[in-house]
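J.: Got a structure for you, questions after.
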Amino acid sequence: MLDSTFPEVRSLDLFADMSDESYAKLMRGAYLQTFPPHVDLITEGEEADFLHVLVLGSVDLFSSWNNRETSVSIVKPVSTFILAATIRDARYLMSARTMEKSRIVMIPSQDVRAVFDLDAGFARAVVVELASCYRSVIKTTKNLKLRTALERLANYLLSRSKGLNGAQNFSLDLEKRQLASVLGMTPENLSRAFKALQAYGVTVSGENVELSDITELEKFAKPTTLIDDNQT
């Protein structure tokens, strides 16, 4: 795999500051594969053989226990998963499956660890990414523990609107079943929550959402950068 063939991978913050020589070593054993939708990529509890870089599509990171399953995070391109297990040579704590047709670069974990020991720029970038992941986990935990289901949904809708430059009409970026899982709700609770938010100007028709009174919705949801800002 050549740098010029996959510039989107080279330009990721994780790889941007490493030397060309280190990048070449890292990618020497890597390969690109296209997967159809709903394919299991990794299984929690297995050894982390590869670092995955999602180039196109989307991936659901999920976990199962005692016949129950929940989505932990949705990965969008271009980004990596699951870095911590790769660096620690540990077992995956989550499973992953494609949500749609996806192109994924797979880098052998042993190569990632070898280059981590040799390239200071790459090592610093790994620390920064892991720190960002840690902060994201803390924010997610706060969102689940400090907010009601209704407040979580309201803040998700506000975040979605903000990501679309303040759009008041938009489509959900997840299926409702998937959204309920990410927000720590059942599909039935999600349906009831959407109905309850009608009092704050939220109208839902299928996958389409309209926020007719964002000010009132914000008063109810009370968004905060210490939970809702994914950039800090």
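J.: Conditions: (1) open to solvent by 30 Å² or more (accessible area, probe 1.4 Å); (2) under 19 Å from the mean Cα position of the chain (by Cα); (3) not hydrophobic (A, V, I, L, M, F, W, C). Tyr31 meets all but one. Number of the miss?
T.: (2)
J.: Within the range 115-125, restricting attention to residues that are part of a helix (DSSP H, G or I) and open to solvent by less than 50 Å² (accessible area, probe 1.4 Å), which residue is farthest from His52 (Cα to Cα)?
T.: Residues of the range 115-125 that are part of a helix (DSSP H, G or I), as a first pass: 115-118, 120-125.
Those still in the list that are open to solvent by less than 50 Å² (accessible area, probe 1.4 Å) too: 115, 121-123, 125.
Numbers: Val115: 16, Gly121: 20, Phe122: 16, Ala123: 17, Ala125: 16 Å.
That would be Gly121.
J.: While we're looking at this one, here's another question. Can you pull out every residue in the range 168-190 that is assigned to a helix (DSSP H, G or I) and of a type in the set (A, V, I, L, M)? Steps first, answer last, please.
T.: Keep residues of the range 168-190 that are assigned to a helix (DSSP H, G or I), which gives 176-182, 187-190.
Scanning the range 168-190 gives Leu179, Ala180, Val182, Leu190.
Each row is one residue, and each column tells you yes or no for (1) modelled with pLDDT of 95 or more; (2) among the aliphatic types (A, V, I, L, M); (3) part of a strand (DSSP E or B).
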position	(1), (2), (3)
Tyr23	no, no, no
Leu26	no, yes, no
Gly29	no, no, no
Leu32	no, yes, yes
Pro37	yes, no, no
Leu41	yes, yes, yes
Gly45	yes, no, no
His52	yes, no, yes
Leu61	yes, yes, yes
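J.: Given the conditions (1) open to solvent by 70 Å² or more (accessible area, probe 1.4 Å); (2) modelled with pLDDT under 95, which single one is not true for Glu216?
T.: (2)
J.: A follow-up question, please. I want to confirm something. Restricting to the range 136-148 and keeping residues that are assigned to a helix (DSSP H, G or I) and farther than 14 Å from Ser73 by Cα, which single residue is least open to solvent (accessible area, probe 1.4 Å)?
T.: Per the criteria, the residue is Lys142.
The values are calculated or read from the model by the stated rules, or taken from the named source; none is laboratory data. Small disclaimer: the values here were computed from a predicted structure and weren't measured. Remember, those area values only see protein heavy atoms, side chains included, never the ligands or the DNA or RNA. Shrake-Rupley method; radii C 1.70, N 1.55, O 1.52, S 1.80 Å.
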